[in-house]
Amino acid sequence: YDEYDWQSKDSCSRWDLLDPVRMTRALRPDGIKWPFAPNGEPTVRLELMTKLNGLDHEHAHDALNDVLASIAVAKLVRDRQPKLFDYVLNIRDKKKVAAFVSSNEPFVYTSGKYANGFQKTAVVQTVAPHPKEQAVLVYDLHFDPDEFTGMTPKELAKIWQWQKDPEAKRLPVKTLKFNRCPAVAPLSVLDKASQERIRLDRKTWEANAAKLKAAKDFPKKLLEALELMEKQRQTQLLGEEQAVDAQLYDSFFDDHDSKLLDVVRAAEPDELSKYGADFNDNRLKTLLPLYKARNYPESLSSDERAAWDKFCAQKLFAGGDKSHLARYFQRLQECATL
């Protein structure tokens with residue numbers, strides 16, 4: 001169910017079952033057997049959930065069998081904890097999510113981005129609306145805001161970005177997107193046992209929420225930090241055109257670019273080049289000539305052909321012994337010796 005989603009005509013998007021199951025473990029675990037990973041950390045891996053609870057999952061990682069096993073897990077959660085299941089299912093519509101998280105009151109949020117030690121669940125406070133997406137920035141109230149509210153936007157941006165070092169200081173702010181069907185719930189779901197499981201008590205989150213609200217300039221600095229990160233990402237993208245295809249799922253495109261994409265798809269090959277400068281997102285500016293070359297190679301000008309040949313050569317040969325082409329011939333050699 002981390003790969004397969006439920007759809008409904010009333011839903012804003014596909015409903016991912018993974019976070020609702022995580023939330024059930026954190027808030028209402030009774031009646032379900034919960035597995036642990038070999039390192040002792042809690043997990044809700046599909047094959048472990050089905051095995052421990054006696055659910056049929058004969059061929060793990062077989063697509064159809066995984067779907068059926070996911071449905072079985074969903075039924076298990078619904079049967080054991082129907083109130084929580086129905087609540088999370090019914091609030092998945094993006095308009096309901098937007099209204100809920102924009103009330104300026106703390107709420108419960110379960111996400112794979114949170115630590116296993118907190119059962120992937122936190123009490124969060126909405127800090128600011130996202131400037132470009134249907135989303136809000138939320139602060140994890142496990143952490144004292146005083147450590148961050150005095151930082152400059154540049155300092156905030158530095159610790160907000162992904163860091164390889166697990167011990168590095170991280171900004172406890174996440175982007176909650178309305179159309180990703182996030183697993184959210186009101187504070188009323190947090191009984192004493194739940195607070196112990198997520199390692200956060202009412203006194204702590206109320207104190208941290210009060211500090212956060214008192215830091216009046218923090219939302220502005222946070223948005224400035226976000227802008228700095230976006231500029232850095234776009235600069236990196238322009239310098240690494242080879243990576244543009246992998247960048248497509250980093251974030252959604254704005255309304256302007258989404259509408260322009262429809263125009264591009266309907267355009268004649270000879271018209272495509274003129275739309276590049278009209279995109280707001282540099283990913284699309286970089287991708288457009290690749291789209292034209294891949295789909296309409298006969299329409300390329302001499303300059304476009306030269307740029308495409310350079311792109312292909314770089315794609316194939318970059319990395320020396322580790323390049324795509326070198327690994328391809330190495331694999332052919334391995335197969336020939338079998």
Cα-projected label distance for Leu290 with Ala99, points at 7 Å along beta-carbon direction, nm:
4.1 nm
Apportionment of accessible area to carbon and sulfur, the range 144-237, percent (1.4 Å)
53 percent
Cut-off under 5 Å, modelled amide H: who pairs with Ala135 long-range:
His130, Phe178
Keeping all protein chains in position, work out how much accessible area Arg305 exposes to a 1.4 Å probe, and write it in Å² to the nearest 10.
90 Å²
Glu41 accessible area, assembled protein chains, probe 1.4 Å, Å²:
80 Å²
Anything over 28 Å Cα to Cα? Flag those among Lys94/Lys164; Lys169/Lys221; Lys75/Lys192; Lys51/Lys95; Lys83/Lys113; Lys94/Lys203, in the order listed.
Lys94/Lys164; Lys51/Lys95; Lys94/Lys203
Quickly estimate the mean residue ellipticity at 222 nm for the chain, helices only: each DSSP H run with n ≥ 4 gives -39500 (n - 2.57), and the total goes over all residues, rounded to 500.
-14500 deg cm²/dmol
Relative contact order as a percentage, the chain, C-alpha pairs under 8 Å and 6+ apart, gives 14 percent
Work through the residues other than Lys113 whose Cβ is under 9 Å from its Cβ and net out their charges, Lys, Arg +1 and Asp, Glu -1.
+2
Computed FRET value (nearest 0.05) for Asp309 with Lys132, which takes r as the C-beta separation and R₀ as 25 Å
0.10
Sorted largest first, extent of the chain alpha carbons per principal axis (Å):
69, 58, 42
For Lys274, list the aspartates and glutamates whose Cα falls under 20 Å from its own Cα; do not include residues on the same chain fewer than 8 positions away.
Glu241, Asp254, Asp255, Asp257, Asp262, Glu298, Asp303, Glu304
Accessible area, probe 1.4 Å, largest first, for residues Cys181, Cys335
Cys335, Cys181
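The values are calculated or read from the model by the stated rules, or taken from the named source; none is laboratory data. Source: prediction; values computed, not measured. Quick reminder, even Gly has a Cβ in these numbers, built from the backbone with ideal geometry, and neighbours come from all protein chains shown. Please note that ligands, DNA and RNA were not included when accessible areas were found on the heavy atoms of the full protein model with its side chains. Shrake-Rupley method; radii C 1.70, N 1.55, O 1.52, S 1.80 Å.
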